[in-house]
Amino acid sequence: MGEKITIALKRGASCVGCDIAIVNFNEDLFTLLEYADVVFAPTLLDVKYDDIKRMPDQSITIGFYHGAVRNSDNEEMAHVLREKCQILIAYGACAHMGGIPGLANVTTKSNILEQVYRKTMTVVNPEGTLPQTEYTDEKGHELTLPLFWDEVKALDDVVDVDYFVPACPPTRDINMQILTVVKDFVEEGKPLPPKGTIIASEKTLCDECERQRSEQIRVDRFYRIHEKDFDPEKCFLEQGIICLGPASRAGCGAVCTAVNMPCRGCMGPTAAVTEQGASMLSAIASVYGTVDNETEIPEEEIDRIMSHILDPLGCFYRFSLPKSQLGRVVKDTE
Ligand code: SF4
Ligand code: SF4
Ligand code: SF4
């Protein structure tokens with residue numbers, strides 16, 4: 001076996017689910033540790049930011065960054081990880097595409113602070129105080145908080161990224177693909193995948209989903225999952241339940257549809273498209289028969305279709321809004 005590599009894990013605007021996903025290597029975590037030493041991981045080890053800042057540049061083999069880039073601390077540490085690591089991986093949907101935090105791009109920083117600190121009924125804040133980024137107490141102690149950015153970004157919006165590991169969070173199947181790449185690299189000196197590779201499948205989620213589906217799907221309205229008794233063996237879309245399988249990349253093992261939940265698209269767009277939401281809208285149009293049979297769809301019909309789809313933006317761009325063409329859909333109103 002070649003020399004062990006070193007790994008750093010750092011989170012940005014993250015729910016920490018991606019840290020849990022690392023733990024979900026289960027017993028294979030010990031296999032990973034045969035090939036790699038973890039040298040920096042604030043969630044798992046008692047380390048300080050200065051520890052990694054003191055390390056020589058490029059001294060860590062692989063850095064895993066998970067979570068979106070939402071504030072000045074996230075951005076600073078993304079740059080530190082980039083400097084210290086030979087290979088930087090955007091791990092999980094938030095680092096890959098902005099993820100769930102990226103939905104905040106439909107509004108502004110000031111609207112968010114106003115809502116959270118002044119308008120939420122469970123918050124007691126009679127003076128309407130908003131968080132300050134600098135504060136000095138009466139003894140002269142200075143306290144600082146990270147600056148909250150107005151826009152949520154994916155990791156490659158702020159630093160150069162070598163590989164992308166999709167999903168929210170990356171599933172065990174995906175982690176096993178990473179382990180194989182690391183083993184092959186350390187044990188046999190095999191070359192790494194080309195820069196920019198998304199470590200997942202090139203197929204579409206529908207290709208790995210085991211639910212039964214017909215050649216032609218036609219529906220006349222969509223339902224929310226609690227509005228209808230549905231067949232647990234059949235394709236969701238065919239039964240009028242929105243499932244982002246046609247617009248999502250495979251590789252997660254179709255874990256959600258296997259346990260009777262429609263796909264929400266956390267793997268991101270398929271290898272063939274860049275715009276996941278538009279791709280799903282096109283799939284929706286085709287199951288309504290509006291693409292194959294009709295060149296135009298009346299406006300009333302569009303309204304009728306959309307009236308059954310709750311929160312279309314959150315539905316079609318749940319994980320990918322910051323990387324979509326829509327990008328930032330609401331500009332500052334301040
Ligand atoms: S990808 Fe999902 S699990 Fe990972 S940090 Fe983002 S929200 Fe959490
Ligand atoms: S649309 Fe959903 S349920 Fe149907 S085959 Fe694709 S992934 Fe499976
Ligand atoms: S089935 Fe869909 S939502 Fe579930 S993990 Fe796979 S891509 Fe993500």
Counting only DSSP beta bridges with both partners in the chain, the antiparallel fraction in percent, to the nearest 5, comes to 25 percent
For the range 131-263, give the magnitude of the charge dipole about the Cα centre (Cβ charges: +1 Lys/Arg, -1 Asp/Glu; no others), in debye to the nearest 20. 580 debye
Extreme residue, positive dipole direction of the chain, given options 78, 298, 106 (C-beta unit charges): 78
With helices defined as uninterrupted DSSP H runs, which ones in the chain have an alpha carbon span along their own long axis of at least 15 Å and mean Kyte-Doolittle hydropathy of at least -1.0? 172-188, 276-287
Which FRET efficiency value, to the nearest 0.05, is calculated for residue 51 and residue 271 with the Förster distance at 45 angstrom and r the Cβ-Cβ distance? 0.75
Say R0 is 35 Å: what FRET efficiency, to the nearest 0.05, do residue 221 and residue 122 get from their beta-carbon distance? 0.45
Taking 25 Å as R0, compute the FRET efficiency from the Cβ-Cβ separation of residue 202 and residue 5 and round it to 0.05. 0.40
What do you get for Rg/Rh of the range 68-115 when both radii come from the Cα atoms and Rh is the Kirkwood radius? 1.07
Please report, largest first and rounded to whole Å, the three semi-axes of the ellipsoid equivalent to the range 136-234, where each semi-axis is the square root of five times an eigenvalue of the C-alpha gyration tensor. 40, 30, 14
Take the Cα of residue 255, step 7 Å along the line toward its Cβ, and report every residue of the range 151-170 whose backbone nitrogen sits under 18 Å from that point. 164-170
What number, in percent, do you get for the relative contact order of the range 30-116 if the mean sequence gap of Cα pairs under 8 Å and at least 6 apart is divided by its residue count? 26 percent
Taking the Cα centre of the chain as origin and charging only Cβ (+1 Lys, Arg; -1 Asp, Glu), how large is the dipole, in debye to the nearest 20? 200 debye
Can you give the helix-only mean residue ellipticity at 222 nm for the chain, where every DSSP H stretch with n ≥ 4 adds -39500 (n - 2.57) and the sum goes over all residues, rounded to the nearest 500 deg cm²/dmol? -7500 deg cm²/dmol
Net lengthening on full extension, residue 23/residue 160 (0.36 nm per residue, minus Cα-Cα): 46.7 nm
Radius ratio Rg over Rh of the range 1-69, counting only Cα atoms, Kirkwood formula for Rh: 0.97
One would report the Cα pair-distance distribution of the chain, bin width 20 Å, in %, as 27, 52, 20, 1
Which entries of 109/153; 4/183; 53/195; 4/48; 10/153; 48/84 show an alpha-carbon separation above 20 angstrom in the structure shown? 53/195; 4/48
If amide hydrogens are placed 1.01 Å from N in the peptide plane, which non-local residues have theirs closer than 5 Å to the one on residue 250? 201, 203, 204, 205
Rounded to whole Å, give me the distance from the Cα center of the range 122-200 to that of the range 45-76. 9 Å
If you take all C-alpha pairs in the range 1-124, what percent of them are over 19 Å apart? 54 percent
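Coordinate-derived values only; no laboratory data. Because the structure is a prediction, the values reported are computed rather than measured. When we count neighbours, we look across all protein chains shown, and the Cβ atoms used for this are built from the backbone with ideal geometry, even at glycine.
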